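Participant: This is the structure, below, for whatever I ask next.
Throughout, read-outs are computed from the coordinates displayed, never taken from laboratory work. Computed from a predicted structure; not experimentally measured. Neighbour counts are summed over all protein chains in view; Cβ atoms, including those assigned to glycine, are modelled from backbone coordinates with ideal geometry.
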Amino acid sequence: MSRQTEVYQWMTTIREHLPHLSKPQAVVLALWSFGVVIVGACGQSSIVGFLAQALGQKENTVRQRLREWCWEAAAKQGDQRQSGVASTCLGPLLQWVLAWWAADETRLALALDATTRAQRFTVLAVSVVYRGCAIPVAWTVLRATEAGAWRPYGVTLLTDLTARVPASWTVIVLADRGLYARWLFEHVVQLGWHPFLRINTGGKFRTTEHDYRPLTDGLSATTTQWSGPVTCFKTHPLRCTLLAGRDAEHQDAWFILTDLPPDAARVCWYGLRAWIEGGFKDFKRGGWQWQSTRMSDPGRVERVWLVLAVATLWMGSVGGAAELSLPASTLEDLPLTHVARKHSGHAPASRGLSCFRRGRLVILAALLTGHPVPRGRFQPELWPTQLDDRNTYP
């Protein structure tokens, strides 16, 4: 099968799920994201070198197409010039993920976090966390030195996604201590979703039976988990559910605020948030090498992130599907005294190869053997049920 045919089929997939793009826009997005997956990096020169050889075109021709993808309208020539389309794709990206989502799964975990590029950029992103990886579905790029609150950006990113998720689904929004804010808790609740926000250990809470006391009082030397309806914070009280947990592998306890009833939420779900950190690693040194970018304009970076998000979506879906086909572990069939059981710690084994990495290997193998390049699907794992469940961590 012609490799150009594979690129054409990938372009068809992109136009199916991002139908608002013009044909030229879909073509460049398909070419660039396809090149990123094959090359394993986002450097423009490397992608240009690969695509020029694969398509039989001049490098300068390919380079100009990629450059214009990043440029704003004023930097382009022609009467029909358009700016980049990253902002128009953020909701449809989530809709694309859900189109490939398992039909019997109606829970979704979103993580909100920020990553930086040295002192140049800060990227605030919302990602679908999936099998140890994270697929960005909404983001904004700010100059790292830019002053001001991030509230307007967080509100916009989350609000723009709500219309893409069925109202009957359970959606939790995870964020670490550095992003906790009362307005974020209240905004997520207003959207019909459920905040799952970690707070610092220095706060106080009270129940109907007790006056305000330190958060750490909820966990004694023998108590590893606690949950209940509380009023949190003495200065600006917030009625919510407090989930507290501590395990042997982590130095600090988790204190999570949510609006879910205590019997409908588990503190160990917060471990899913760690997957967005794995996603940032995939964008940087662990995958696309985005940390080496020399771009200086935040708007242009947002358009490159769309390319990388589409590539990550493809690889994550393929890698997850391939992971499902792996033989089941036989560890539980071994005697408790077996050396393999001893080294496992009697906990589920962590994945040896990420879905991100596995997806790229499957795609490369298909190209090498002349098979059609696979399209994936999303079959989420069961959410963790206990703090020592290794599926909680990447």
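Participant: Ranked highest first by the average count of other Cβ atoms within 10 Å around their residues, in what order do 184-190, 27-33 fall? Before the final figure, lay out the partial values.
Facilitator: Values: 184-190: 18.1, 27-33: 22.7.
Output ranking for 184-190, 27-33: 27-33, 184-190.
Participant: With the chain treated as a Gaussian network of Cα nodes joined by springs under 10 Å, which of HIS17, HIS371, HIS236 yields the largest mean-square fluctuation?
Facilitator: Sorting by GNM fluctuation, first place goes to HIS236.
Participant: Right, another one. Straight-line reach from LYS234: which aspartates and glutamates fall under 20 Å, measuring Cα to Cα and dropping same-chain residues less than 8 apart?
Facilitator: GLU186, GLU209, ASP211, ASP217, ASP259
Participant: Also, I was wondering about something else. How far is the Cα center of region 187-205 from the Cα center of region 119-133, in Å?
Facilitator: Rounded to whole Å, the Cα centres lie 19 Å apart.
Participant: Something else: If you fit an axis through the alpha-carbon atoms of helix 151-162 and take the longest principal axis of the Cα set of the chain, what angle between them do you get, 0 to 90°, nearest 10?
Facilitator: Roughly 80 degrees between the two axes.
Participant: Which of [x] 19.3; [y] 22.4; [z] 20.7 is the computed mean projected area of the Cα convex hull in nm² for the structure on display?
Facilitator: [y]
Participant: Could you work out how far helix 86-99 tilts from the main Cα principal axis of the chain, as a 0 to 90 degree angle to the nearest 10?
Facilitator: Tilt relative to the chain: about 70 degrees.
Participant: Give me, ordered by chain and number, the residues 5 or more places off ARG131 or on other chains with an amide H under 5 Å from its own placed amide H.
Facilitator: It is GLU381, by chain and number.
Participant: I've got another one for you. Under the 0.36 nm per residue contour assumption, what length would be gained going from the current alpha-carbon distance of HIS371 and ARG107 to full extension?
Facilitator: Extending this stretch completely gives an extra 91.7 nm.
Participant: Now, a different point. If you restrict to DSSP beta bridges whose two residues both lie in the chain, what percentage is antiparallel, to the nearest 5?
Facilitator: On the way: 37 of 47 bridges.
The answer is about 80 percent antiparallel.
Participant: For the Cα atoms of the chain, what angle does the longest principal axis make with the long axis of helix 44-55, in degrees from 0 to 90, nearest 10?
Facilitator: Helix 44-55 sits roughly 50 degrees off the main axis of the chain.
Participant: Which distance in Å, rounded to a whole number, links the C-alpha centroids of region 38-67 and region 279-296?
Facilitator: What the calculation gives is 18 Å, centre to centre.
Participant: While we're looking at this one, here's another question. Multiply the residue gap between TYR212 and ALA118 by 0.36 nm, knock off their C-alpha separation, and tell me the result in nm, one decimal place. List each step's numbers first, then the result.
Facilitator: Values: separation 94, 0.36 × 94 = 33.84 nm, distance 4.11 nm.
This chain segment gains 29.7 nm when fully extended.
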